[in-house]
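Laboratory data are not the source of any read-out in this text; all were calculated from the coordinates shown. For clarity, every value in this text was computed on a predicted model and none was experimentally measured. Reconstructed Cβ throughout: ideal geometry from the backbone, glycine too, with neighbour counts over all protein chains shown.
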Amino acid sequence: MNMRKIGLILMAVCFAQGVNAQGEAKPDSSAVEDTVKGPWTKGGVGSINFNQVSLNNWAAGGNSSISGAGLLNAFANYEKEKVSWDNNIVLAYGLIRQEKQPVIKSDDRIEIVSKAGKTANKKWSYTGLFSFRTQFAPGFDDPVSPTRATISDFLSPAYMQLALGMEYKPNKKLSAFISPLANKTTIVTNQTLANAGAFGVEAAEYDALGNLVTEGLNARYEVGGYLKFMYQDDIMKNVTFQTKVDLFSNYLNNPENIDVNWEALLAFKVNKFITASIATHLIYDDDILIGVDTNDDGIVDGMGKRTQFKEVLSIGFSYKF
């Protein structure tokens, strides 16, 4: 992704933080702390959303549909004297069905992040970070087609990252983790996808007759620089904004092409149990090729590097613990 675009994104979020810098940091409204004081703070939020549309002789047209999605976001953080250890897990899954078409997934995510640090001064700490990201179920190029092909699966891909660096945390709203030495491992356990070279792993080798000579590799290893930027604030009563950006540059292959993983969430608390939210997720990975229609005939006939984007508007039941 173009460095200029990344810079504009970070400047915009930093400006939002600067506007609120003179106020006192507000408590994190996304979690409820334990009532018993101690080095551990545990909590989280779970939500379930449903949507159903039924149409019968509807002149304007449309399709009946039913959908549902669930989310669990839990944490367990340790802090004592100059030592901290933050752990977070996010599990999300959603399904949708239109008319008599097959059920397809609308959301699928497993993410684990663990971060340990030791305070250097009031705003900086020495930090080590581990993250793991994958999905629950297979994904398909055309989910409703009887000849659909699998394009992703559990642990295909999976992304594992280890990084050492410094974390800058001037207040409870903003943090930036900077690592000059980070490892990124891309895992593809589905051998069919690995043979095709999916998600940047080395593809299989075939002879002139199409016979398999060497199977594709199941992992790709990268070493580079890593930046993780996080910001959260209660921008008004019962309205919370949070965003996080992960940037990775592979030192050994096209370091100028930055991998980007950027999420943003605007959450509205209607009452104790009902919430609404707008979430966006942008991904650019220089090693991932996306199917494209090169001649605008409606048929995917090529592969290319593309920016991935997802937007979700949801209203449903949530419970904090």
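Among Y206, Y251, Y159, the largest mean-square fluctuation in a Gaussian network model of the chain, built with springs joining Cα atoms closer than 10 Å, belongs to Y206. With contacts taken as Cα pairs under 8 Å at a separation of at least 6 residues, the stretch 265-321 carries a relative contact order of 40 percent.
Listed values for the stretch 133-140 are Karplus-derived 3J(HN,Hα) couplings in whole Hz (6.51 cos²θ - 1.76 cosθ + 1.60, θ = phi - 60°), namely 9, 7, 9, 7, 10, x, x, 10, and x replaces Gly and Pro.
Listed by chain and number, the aspartates and glutamates whose C-alpha is less than 14 Å from the C-alpha of K82, apart from same-chain residues fewer than 8 away, are E167.
Taking M303, M166, M230 in turn, the Gaussian network model of the chain (Cα-Cα springs below 10 Å) assigns the largest fluctuation to M303.
Could you tell me whether the chain comes out rounded, prolate or oblate from its Cα gyration tensor? Rule is a ≥ b ≥ c as square roots of the eigenvalues, rounded for a/c under 1.5, then prolate if a/b exceeds b/c, otherwise oblate. Cα axes put the chain in the oblate bin.
Sorting M236, M160 from the fewest to the most surrounding beta carbons within 10 angstrom yields M236, M160. Which of the trypsin sites (Lys or Arg not before Pro) found in the stretch 219-321 are in a DSSP loop and have at most 15 neighbouring Cβ atoms, other than their own, within 10 Å? Answer by residue number: K237, K272, R306. If you only keep lysine pairs separated by 8 or more in sequence, or across chains, how many in the stretch 146-272 come under 23 Å at the Cα atoms? Here the count comes out as 16. With contributions of -39500 (n - 2.57) from each DSSP H run of at least four residues, the per-residue ellipticity at 222 nm computed over the chain stands at -2000 deg cm²/dmol. Based on Cα contacts under 8 Å between residues 6+ apart, the stretch 3-320 shows a relative contact order of 11 percent. Under 5 Å between amide hydrogens, built in the peptide plane, is the criterion, and for S152 it picks out G139 among residues at least 5 positions away or on other chains.
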